[in-house]
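*Asks:* Let me give you the structure first, and then I'll get to my questions.
The values are calculated or read from the model by the stated rules, or taken from the named source; none is laboratory data. Since we're looking at a predicted model, the values are computed, not measured. Note that each Cβ is placed from the backbone with ideal geometry, even for glycine, and that neighbours are counted across all protein chains shown. For the accessible areas, the whole protein counts, side chains as well, though only heavy atoms, and no ligand, DNA or RNA atoms are used. Shrake-Rupley method; radii C 1.70, N 1.55, O 1.52, S 1.80 Å.
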Amino acid sequence: MANALREKVMGDGLATVMAAHNPLSARLAEEAGFDGIWASGFELSAAYGVPDASLLSYTQHLDMTRAMIEQVSIPLIADLDTGYGNAINVGHVVGAYARAGSAAVVIEDKIFPKDTSLLAGGRQELIRTEEFQGKIEAARAAGAGHDLLVIARTEALIADLGIEEALRRGAAYAEAGADLLLIHSKQKTPDEIVAFTGRWPGTVPLVIVPTAYPELTEAKIRALGKIAIVIYANHAVRAAVGAMRETFAAIRRDGGIHEVDRRIASVEDIFELQRVAAMKAAEKRYLR
Ligand code: SPV
Ligand code: MG
């Protein structure tokens, strides 16, 4: 199957990608019209109630990724954190994601175990550039034959190493064969990303995650050029938390479900998201 994400990012459009942490959230993202799914490590960690600090195993993440791929028809980008170890681990893990049908994988240049990027005072330490180039090459080799996009992610700005170091690492990662470069920033304004994008030579297209600087809209991203993918990295889990909190509090406050019933998704809505109608049609056809 042709990689729809590759076609999109190698054209001059902007792919909009929404985070998901299970097949239901992935299906809702598809329904909303996003171009792809971000199998976010942060979201899955949150769903398990643990910090995003290399605590979940790759098989936990892969199982959920596979379940999501099975239920949507838009491409999925797998967040592989640091690749769960060295270049040998990367090759092993990326092969499994490629065979599972991921359109792309993202590997970041932090030490394993990592700490999450947007945490104030988080541990942000990078591995050597050459070591990460080896990881990119291992990822490429493992994805060959599966039309897998390898996205290298530099955390140079997250680690406060500055734009020069981010540019230097980005260039080295493109040279090692990365298809795209994810440049992450924790600044509360888009200035740093705008400055980086302006200086980026455009060797490979960029990917951004504007969680910390939400005022950088899609129109502004398009105007910058060079950026092929925008990932909304944690908005599924944050929306779910807000909705559940509000509903649970209302039920406690009202002493029952009589008030919330008309405000939340209906049971029929959930049946539809479960594709119950298709199962009923199959029953008619096959059950004798
Ligand atoms: C994720 O969603 O897991 C990411 C983005 O990697 S961030 O949480 O900002 O590191
Ligand atoms: Mg992550």
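*Asks:* Hey, among Thr82, Thr65, which residue is within 28 Å of Asp269 (Cβ to Cβ), within 15 Å of ligand 1 (Cβ to nearest atom) and under 15 Å from the mean Cα position of the chain (by Cα)?
*Replies:* Thr65
*Asks:* May I pose another question? Based on what the data block shows, is Arg6 closer than 25 Å to Arg238 by Cα, more than 15 Å from ligand 1 (Cβ to nearest atom) and open to solvent by 10 Å² or more (accessible area, probe 1.4 Å)?
*Replies:* No, not satisfied.
*Asks:* For the stretch 179-216, which positions are within 24 Å of Leu119 (Cβ to Cβ) and among the small types (Gly, Ala, Ser)?
*Replies:* Answer for the stretch 179-216, where residues must be within 24 Å of Leu119 (Cβ to Cβ) and among the small types (Gly, Ala, Ser): Ser185, Ala195, Ala212.
*Asks:* Can you tell me which condition Ile111 does not meet? The list is (1) within 16 Å of ligand 2 (Cβ to nearest atom); (2) crowded, with 24+ Cβ neighbours inside 10 Å; (3) not acidic (Asp, Glu), and all the others hold.
*Replies:* All conditions pass for Ile111, except number (2).
*Asks:* Shifting gears a bit: Quickly run through the stretch 257-280 and pick out the residues that are surrounded by fewer than 10 Cβ atoms within 10 Å (Cβ to Cβ) and farther than 19 Å from Leu28 by Cβ.
*Replies:* Correct list: His258, Arg262.
*Asks:* For Ile208, all conditions in the list (1) in contact (Cβ under 8 Å) with a residue 40 or more places away in the chain; (2) within 16 Å of ligand 2 (Cβ to nearest atom) hold save one; what is the number of the exception?
*Replies:* All conditions pass for Ile208, except number (1).
*Asks:* Which of the residues spanning the stretch 126-143 are open to solvent by 20 Å² or more (accessible area, probe 1.4 Å), farther than 15 Å from Val106 by Cα and either hydrophobic (A, V, I, L, M, F, W, C) or assigned to a loop (DSSP other than H, G, I, E, B) (or both)?
*Replies:* Leu126, Arg128 - these are the residues of the stretch 126-143 that are open to solvent by 20 Å² or more (accessible area, probe 1.4 Å), farther than 15 Å from Val106 by Cα and either hydrophobic (A, V, I, L, M, F, W, C) or assigned to a loop (DSSP other than H, G, I, E, B) (or both).
*Asks:* Next question. Of everything in the stretch 167-204, what is aromatic (Phe, Trp, Tyr) and farther than 21 Å from Ala223 by Cα? Give them in sequence order.
*Replies:* The answer is Tyr173, and nothing else.
*Asks:* Answer yes if at least one residue in the stretch 35-52 is more than 15 Å from ligand 2 (Cβ to nearest atom) and crowded, with 19+ Cβ neighbours inside 10 Å, and no otherwise.
*Replies:* Just the residues of the stretch 35-52 that are more than 15 Å from ligand 2 (Cβ to nearest atom), to begin with: 35-36, 49.
Okay, now just the ones that are also crowded, with 19+ Cβ neighbours inside 10 Å, so 35-36.
Looking for residues that are more than 15 Å from ligand 2 (Cβ to nearest atom) and crowded, with 19+ Cβ neighbours inside 10 Å, one finds at least one in the stretch 35-52, hence yes.
*Asks:* What do you reckon, is Ala78 closer than 30 Å to Asp160 by Cα, of a type in the set (Gly, Ala, Ser) and surrounded by 20 or more Cβ atoms within 10 Å (Cβ to Cβ)?
*Replies:* So Ala78 passes the test.
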